[in-house]
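All remarks here apply to the structure that follows.
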Amino acid sequence: MPLRRLIPTVKRTDLGHLRLTQDDLAEMVRLVRQLPDAEILIESDNYVLDDVREDLPKIGPRVSNFTVRARRPQGSGMSDVLTAQLATKGCEIVATDPDLTTEGLIEALRTLTQPRRRLPAWLRLLYRPIRGTSAEQVVLLCVVIAVSYTIFTVPALGAQRPPIPWPSSLIAGIIALPVLAALALGRALSKTVIFTATAAETPTFWQQHRADIAINVIVGFAFLGLGLLIGHG
């Protein structure tokens, strides 16, 4: 009789923060259904779903969480084999004692969701909570303190002088603005968004406005070139 572990091995695969549509969710369910001898449960926002494409749009335009769970009989009950948990705060796959079939499914799900990441894997570390805070919050605090000190420290404080005198301090503050904007953008993207409609019905911001952005960039460079010519004329 083969040895059995008293404590099962649990493998967690972090998928990051994703932008998902009905098509992605339906494909994930299709892949999980391929596990042999497994019962599949689909849940979203406290609803149990039978069919993603029919039931999901009935909840609303977006959902805050989506879970697909595969279970197998064990003893007198059912035991989870694999669970794909998708939520605003993050997405992960949890597998219990994964075999080669389950490992292949995990890789297929990871490959499916990788193009849907809103943040690169290396940048997600900046927004991952560590003991109640995150690296992003530490960086933001340091930038705010540095900008405040360089701009508002005045010679009136005894013999102390600002480390960056005026107007260089103003320039330092302006340079810090893109850092603050990047942190704010990263914070906005560090959340999973789950649409209940199809990909065709939920185009991204770039898909909707790329033509307008391209035209504005071209016009901006044209006026910049014209201004340089007139200035040297």
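The values are calculated or read from the model by the stated rules, or taken from the named source; none is laboratory data. Note that the coordinates shown come from a computational prediction; the quantities given were computed from them, not determined experimentally. We place every Cβ from the backbone using ideal geometry, glycine too, and count neighbours over all the protein chains shown. Remember, those area values only see protein heavy atoms, side chains included, never the ligands or the DNA or RNA. Shrake-Rupley method; radii C 1.70, N 1.55, O 1.52, S 1.80 Å.
The set of residues from the range 33-86 being touching a helix residue (DSSP H, G or I) at 6+ places or on another chain (Cβ under 8 Å) and open to solvent by 70 Å² or more (accessible area, probe 1.4 Å) comprises 34, 47, 53. Taking the condition in a helix (DSSP H, G or I), open to solvent by 70 Å² or more (accessible area, probe 1.4 Å) and not aromatic (Phe, Trp, Tyr), does residue 12 pass? Criteria not met by residue 12. So, of the residues in the range 87-111 that are more than 26 Å from the chain's Cα centre (by Cα) and in a helix (DSSP H, G or I), which turns out to be surrounded by the fewest Cβ atoms within 10 Å (Cβ to Cβ)? Selected residue: 100.
If we scan the range 47-57, do we find a residue that is touching a residue at least 40 places away in the same chain (Cβ under 8 Å) and either on the phi < 0 side of the Ramachandran plot or of a type outside the set (Phe, Trp, Tyr) (or both)? For the range 47-57, residues touching a residue at least 40 places away in the same chain (Cβ under 8 Å) and either on the phi < 0 side of the Ramachandran plot or of a type outside the set (Phe, Trp, Tyr) (or both): present. Residues that are touching a Gly at 6+ places or on another chain (Cβ under 9 Å), modelled with pLDDT under 85 and assigned to a helix (DSSP H, G or I) within the range 112-135 comprise 121, 123, 124, 126, 127, listed in sequence order.
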